[in-house]
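Working notes, structure below.
The values are calculated or read from the model by the stated rules, or taken from the named source; none is laboratory data. The structure displayed is predicted, hence computed values, not measured ones. Please note: Cβ atoms are built from the backbone with ideal geometry, for glycine as well, and neighbour counts cover all protein chains shown. Quick note on the areas: whole protein, heavy atoms, side chains included, nothing else; ligands and nucleic acids left out. Shrake-Rupley method; radii C 1.70, N 1.55, O 1.52, S 1.80 Å.
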Amino acid sequence: CSYLVYKKIKDSVRLLKFDNALEIHTSSCFFKRRKTGMEKKAVRVLEYPKVKGELVDVWKNITVAELANVLQKDVNYVRDIFLNEVKSPNTVISDMKVLQQAIRRSGRRMKVVANPNDVYKSEIIEKDVFPRPPASKSDLKPRPPVVTVMGHVDHGKTTLLDALRNSSIVEQEFGGITQHIGAFSVTLDSGANVTFLDTPGHAAFSAMRARGAFVTDIVVLVVAADDGVMEQTIESIRMAKEAKVPILVAINKIDAPKADVERTEQMLMEIGIQVEKLGGDVQAIPISALKKQNLHHLTEALVLQAELLEIGADPTGAVEAVVVESKLDPYRGKLCTLIVQRGTLKKGAILIAGTSLCKVRILRNAEGQTMNQVLPGYPAEIEGWKDLPSPGEQVLELQTEKRGRDAIKVRQDRINREKQDEDAIIISEKEAHHEKEYKEKLRLKRSLGRYKLKNEGPRKPEIPIDDNPTPVLNLIVKSDVDGTLEALLNTLDTYNLPECKMDLVHYGVGSISENDVELAKTFKALIYAFNINCPPHIQELAENEGVTIKFHNIIYKFVDDVKEELNKRLPEKETEEVIGEATVLQQFEINQGRKKVPVAGCRCIKGMLRKTAMYRVIRNEDVLHTGQLTAMRHLKNDVDVIKVDTECGLQLVDKTITFEPGDKLVCFQKRMIPQTTSWDPGF
């Protein structure tokens with residue numbers, strides 16, 4: 001029976017094949033050729049088909065991390081195509097055959113190229129600009145020594161320079177303090193030329209003093225005979241020792257009533273300056289810059305020290321210099337003061353300083369007179385900068401502007417790469433932090449057996465609300481020169497108090513512009529103009545827009561003004577003012593309805609007691625209660641004030657408080673007072 005059923009089904013299938021040919025299904029495996037005996041015995045070789053995928057660039061000794069960047073995949077993907085034969089992202093792949101097989105597994109093709117990092121380094125070497133090797137001793141010619149005058153604020157540095165050059169710079173300075181670094185050449189009575197750098201002595205200008213110390217050949221340390229060694233004196237000595245330059249001490253103000261030269265010399269000994277009078281090797285000349293006493297002794301010591309140092313420079317070849325100060329003049333454009341260290345600077349020269357390029361249009365000395373050339377050791381003010389160079393930058397001369405543009409591009413790329421490396425470190429730290437949080441939440445979900453965790457805390461609003469009550473002071477700072485701006489910003493950087501936030505919206509060198517006013521209006525910021533003027537149309541625009549512009553030319557007044565603005569934004573603080581004090585003599589009980597209420601029989605021993613004030617009950621120096629009164633009586637009369645040495649009865653609002661003889665009641669009132677910031681910039 002089963003055979004008949006099988007035959008019937010077979011006939012039905014045969015008929016179906018002929019009747020409906022479109023429903024026939026077949027496979028290529030039915031037509032596959034069988035292997036011969038020799039083919040079965042042969043060793044099987046794994047062959048990869050030809051790949052026509054994407055072409056990727058690889059190089060010798062490529063790392064796993066670099067290959068992941070080339071493939072635009074993560075490191076785990078690279079581990080998979082290498083069949084987990086590599087583990088660390090820093091693993092170097094030296095076998096090119098293994099690398100080729102792995103890239104084939106990814107469906108790509110490879111092309112071997114040079115390492116781009118090596119190409120970038122060679123590009124920097126080829127296109128960047130570097131100073132020349134040191135000149136031989138036979139090429140050196142005598143040059144004026146560069147002398148930096150350093151010391152504490154108001155010790156007479158600028159007055160000394162005025163006496164040496166017969167000028168009156170100190171009368172032109174605001175507040176009697178130097179706030180710029182000045183460079184000028186002086187011809188002494190002996191005929192010798194000396195280039196002086198006048199550095200600020202104020203605490204905020206430490207960066208300027210540091211630049212002056214590292215440019216100079218000799219440091220003249222000015223110490224007042226009446227004040228002695230001060231904070232900035234010690235800092236100047238430290239900077240001179242770091243720069244490894246000789247120090248010459250000028251003990252100034254010997255004509256002052258409280259002058260004590262011997263005490264000043266002893267103070268110098270205590271901080272490591274061994275003066276000649278006390279057996280050391282540092283010359284200390286007592287002078288009076290104001291009355292020009294003993295100045296010839298100081299100049300003789302300077303010339304002698306310069307001769308001992310055998311100061312010289314090569315006046316030929318490309319120019320090398322250093323930027324002392326830079327500023328933006330509204331009429332002459334971007335200006336820069338520099339000191340030539342090598343070569344001869346002439347009009348039309350192409351200069352580069354950092355990422356700034358210049359074609360010298362005009363050369364001026366400190367008196368504003370134009371010059372045709374500047375020899376080594378002399379300062380000059382240069383016009384023609386496309387961007388303001390930063391003080392302290394090295395200046396190099398180039399042959400063409402194209403060479404300078406190529407060097408600037410390489411330097412800018414280097415800066416960008418360094419910034420990217422710094423950002424990559426921060427990004428990796430944040431990624432590690434987020435990954436740690438994610439794994440912790442994942443572990444918690446798995447331990448609870450849940451697919452999703454509930455949000456912690458209250459539900460966040462769909463529209464974000466700024467509920468931060470911290471006040472904010474937004475600032476825009478503009479200054480006349482780059483060095484002073486740097487000092488202002490360094491001073492503002494010392495503020496880190498949480499009660500009021502300080503944001504620096506914008507800063508720059510030069511006059512106030514319309515853009516500054518628009519920024520101030522957008523961010524509700526104050527504009528501080530330091531030692532610069534504001535054009536009338538800009539001032540009118542600021543008044544119409546409701547923007548405040550504040551003008552300052554002394555740094556400590558600028559700081560005081562910022563403190564005042566911070567104080568205005570701080571909320572008022574609640575304080576307690578003690579009015580009087582009373583001692584409990586005995587507790588009485590009075591009937592109020594059906595209840596007995598305790599009353600304190602007291603005597604006022606200090607100040608006065610007011611019925612409307614707050615009272616604090618103290619027993620054995622422990623505060624038992626703080627509250628108000630419901631009644632105050634003297635004898636049988638209700639009163640509002642009890643004076644000193646007067647007995648009274650006091651009843652508190654809280655009827656549960658009981659009194660004991662000897663308890664103290666302090667009468668005080670709360671009032672709101674304005675807060676003052678505790679910011680201390682260090683001077």
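Taking 20 Å as the cut-off, the amide N atoms of segment 389-403 that come nearer than this to a point 7 Å along the Cα-to-beta-carbon line of F130 belong to 393-400, 403. Once the cut-off is 17 Å, how many percent of the Cα-Cα pairs in segment 237-291 end up in the long-distance tail? Percent of Cα pairs beyond 17 Å in segment 237-291: 39. Taking all Cα-Cα distances within segment 467-556, those exceeding 18 Å account for 44%. In percent, rounded to a whole number, the relative contact order of the chain is 8, using alpha-carbon pairs under 8 Å and six or more apart. Pairs of alpha carbons in the chain separated by more than 32 Å make up 73% of all such pairs. Taking all protein chains as they are arranged and a probe of 1.4 Å, the heavy atoms of W679 leave approximately 10 Å² accessible to solvent. Relative contact order of segment 573-673: 41 percent, from C-alpha pairs under 8 Å at least 6 residues apart in sequence. The simple Förster model, with R0 at 51 Å and r as the Cβ-Cβ distance, assigns Q592 and S678 a FRET efficiency of 0.55. Pairs exceeding 20 Å between alpha-carbon atoms, taken from K596/K670; K478/K557; K359/K409: K596/K670. Magnitude of the charge dipole for segment 54-113, about its Cα centre and with charges confined to Cβ atoms of Lys, Arg (+1) and Asp, Glu (-1), is about 180 debye. How big is the gap, in Å, between the Cα center of segment 226-257 and the Cα center of segment 611-653? After rounding, the separation between the Cα centres reads 64 Å. When the Cα positions of L624, I554, N90 are compared along the charge dipole of the chain, N90 comes out farthest toward the positive end, with charges on each C-beta of Lys, Arg, Asp and Glu. For K137 and N193, the FRET efficiency from 1/(1 + (r/R0)^6), where r spans their Cβ atoms and R0 equals 30 Å, is about 0.85. Using only alpha-carbon positions in segment 212-307, the gyration tensor eigenvalues give semi-axes of 20, 16, 12 Å once each is multiplied by 5 and square-rooted (largest first).
The alpha-carbon of K244 sits under 18 angstrom from the alpha-carbons of these aspartates and glutamates, leaving out residues fewer than 8 places away in its chain: D217, E235, D281, E307, E310. The shape of segment 274-426 can be summarised by an equivalent ellipsoid whose semi-axes, obtained from the alpha carbon gyration tensor, come to 37, 22, 16 Å from longest to shortest. For the pair K521 and K292, the difference between a 0.36 nm per residue extended length and the Cα-Cα distance amounts to 77.2 nm. Extension gain, R403 to T658: 0.36 nm times the residue separation minus the Cα-Cα distance gives 82.6 nm. With a 1.4 Å probe rolled over the protein heavy atoms of all chains, the accessible area of Y556, Y378, Y331 falls in the order Y331, Y556, Y378, largest first. Checked against a 21 Å cut-off, the cross-linked pairs K127/K334; K73/K452; K157/K253; K346/K402; K137/K241; K501/K568 give Cα-Cα distances beyond that limit for K127/K334; K73/K452; K137/K241. F184 sits with roughly 10 Å² accessible to a 1.4 Å probe, with DNA, RNA and ligands left out of the calculation. Go through I352, L338, Q399 and say which Cα lies farthest out towards the positive end of the charge dipole of segment 320-406; charges sit on Cβ, +1 for Lys and Arg, -1 for Asp and Glu. With unit charges placed on the Cβ atoms, the residue in question is Q399.
Computed extension length for N490-N544: 16.2 nm, one decimal, from 0.36 nm per residue of separation with the Cα-Cα distance subtracted. Summary of the geometry: segment 406-454 and segment 474-523, compared by the centres of their Cα atoms, lie 31 Å apart.
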